[in-house]
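Visitor: Please find one structure pasted underneath; my questions will follow.
The values are calculated or read from the model by the stated rules, or taken from the named source; none is laboratory data. Predicted, not measured: the structure shown is a model, and the values here were computed from it. Please note: Cβ atoms are built from the backbone with ideal geometry, for glycine as well, and neighbour counts cover all protein chains shown.
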């Protein structure tokens with residue numbers, strides 16, 4: 001891991017994310033790129049009078065940025081800062097691509113999204129559109145966990161994202177508890193059917209770099225994907241939850257609709273999402 005993106009709105013929530021990014025950066029000798037998205041109107045940047053006003057806000061933001069990043073826990077870490085006038089949070093992925101980032105770490109306070117600049121459903125927008133993994137941090141968190149839960153449907157379309165998740169958790173030195181959430185209703189499958197689906201999935205893994213056996217995957221029954229993941233994570237005492245995302249369609253297979261956003265919003269644990 002070489003580069004970590006952290007969106008900053010100067011709130012305590014973005015500082016929670018910055019602290020976790022600092023822990024990861026020190027562990028992986030990575031660079032942090034702190035991004036502030038101003039969201040000024042085009043009029044403020046194009047008209048002569050308003051352009052001066054826009055430049056004032058940019059300079060004010062840069063000064064505030066320097067003060068915000070003056071933290072002891074960032075000592076010894078290369079921290080770059082950039083101010084963007086983006087108003088659409090899906091454009092944060094452009095920053096990640098520009099800098100070839102490996103991870104986005106962002107703060108959130110739950111179902112109402114991030115405060116100040118990060119309002120409404122901006123957390124969900126980033127999760128839905130980012131091509132790199134997104135780690136969402138809710139509270140002040142000491143990210144020294146040694147165990148993660150990764151939930152998947154074990155269909156072939158999930159193979160690449162499964163590899164990404166396994167590789168990232170191994171890179172971070174985090175053991176991964178793999179789980180399939182079995183639901184009642186029309187999508188219900190017997191244990192035998194699920195076990196066969198898992199076997200068919202695992203035979204497509206590159207065994208030289210991914211050693212996963214069918215018995216490494218737990219089949220856990222619950223009434224919803226969200227509750228099943230939370231209950232299983234609590235059972236195994238996990239410190240982070242990993243899930244695949246599937247754009248606006250949510251997660252693949254039974255991860256449909258807005259399940260991914262619900263998990264991100266309602267989880268007390270940090271959640272890391274992997275785009276399919």
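Visitor: List the number of the failed condition for residue 197; all other conditions in (1) over 15 Å from residue 269 (Cβ atoms); (2) touching a helix residue (DSSP H, G or I) at 6+ places or on another chain (Cβ under 6 Å); (3) surrounded by 14 or more Cβ atoms within 10 Å (Cβ to Cβ) hold.
Guide: Only one criterion is unmet by residue 197, namely (2).
Visitor: Further question on the same structure: Only residues in the range 190-205 that are at positive phi count as the first member; pair them with residues that are modelled with pLDDT of 95 or more and assigned to a loop (DSSP other than H, G, I, E, B), Cβ under 9 angstrom, at least 6 apart or cross-chain, and list the lot.
Guide: As it stands, the answer is none, since no pair meets every condition given.
Visitor: Taking the range 162-174 as the region of interest, how many residues are loosely packed, with under 13 Cβ neighbours inside 10 Å and either assigned by TED's automatic domain parsing to the domain that holds residue 101 or not in a helix (DSSP H, G or I) (or both)?
Guide: Going through the range 162-174 one residue at a time, the tally reaches 1.
Visitor: Is it true that residue 262 is in contact with a helix residue (DSSP H, G or I) (Cβ under 9 Å, 6 or more places away or on another chain), modelled with pLDDT under 85 and not in a strand (DSSP E or B)?
Guide: Working: in contact with a helix residue (DSSP H, G or I) (Cβ under 9 Å, 6 or more places away or on another chain): yes; modelled with pLDDT under 85: yes; not in a strand (DSSP E or B): yes.
Considered against the rule, which asks whether it is in contact with a helix residue (DSSP H, G or I) (Cβ under 9 Å, 6 or more places away or on another chain), modelled with pLDDT under 85 and not in a strand (DSSP E or B), residue 262 comes out as yes.
Visitor: Shifting gears a bit: Looking at the structure I just gave you, is residue 50 modelled with pLDDT under 95, part of a helix (DSSP H, G or I) and within 26 Å of residue 272 (Cα to Cα)?
Guide: On the way: modelled with pLDDT under 95: yes; part of a helix (DSSP H, G or I): yes; within 26 Å of residue 272 (Cα to Cα): no.
Against the criterion (modelled with pLDDT under 95, part of a helix (DSSP H, G or I) and within 26 Å of residue 272 (Cα to Cα)), residue 50 does not qualify.
Visitor: If you go through the range 210-234 one residue at a time, how many are touching a residue at least 12 places away in the same chain (Cβ under 8 Å) and not in a strand (DSSP E or B)?
Guide: The number of residues fulfilling the criteria is 14.
Visitor: Is it the case, given these coordinates, that residue 21 is at pLDDT 90 or above and outside any strand (DSSP E or B)?
Guide: Working: at pLDDT 90 or above: yes; outside any strand (DSSP E or B): yes.
Judged against the criteria, residue 21 is a match.
Visitor: Oh, and also: If residue 177 satisfies every condition in (1) part of a strand (DSSP E or B); (2) at pLDDT below 95 but one, which is the exception?
Guide: Checking residue 177 against (1) part of a strand (DSSP E or B); (2) at pLDDT below 95, the one that fails is (2).
Visitor: Separate question: Does the range 207-224 include one or more residues that are at pLDDT 95 or above and under 25 Å from residue 131 (Cβ atoms)?
Guide: no
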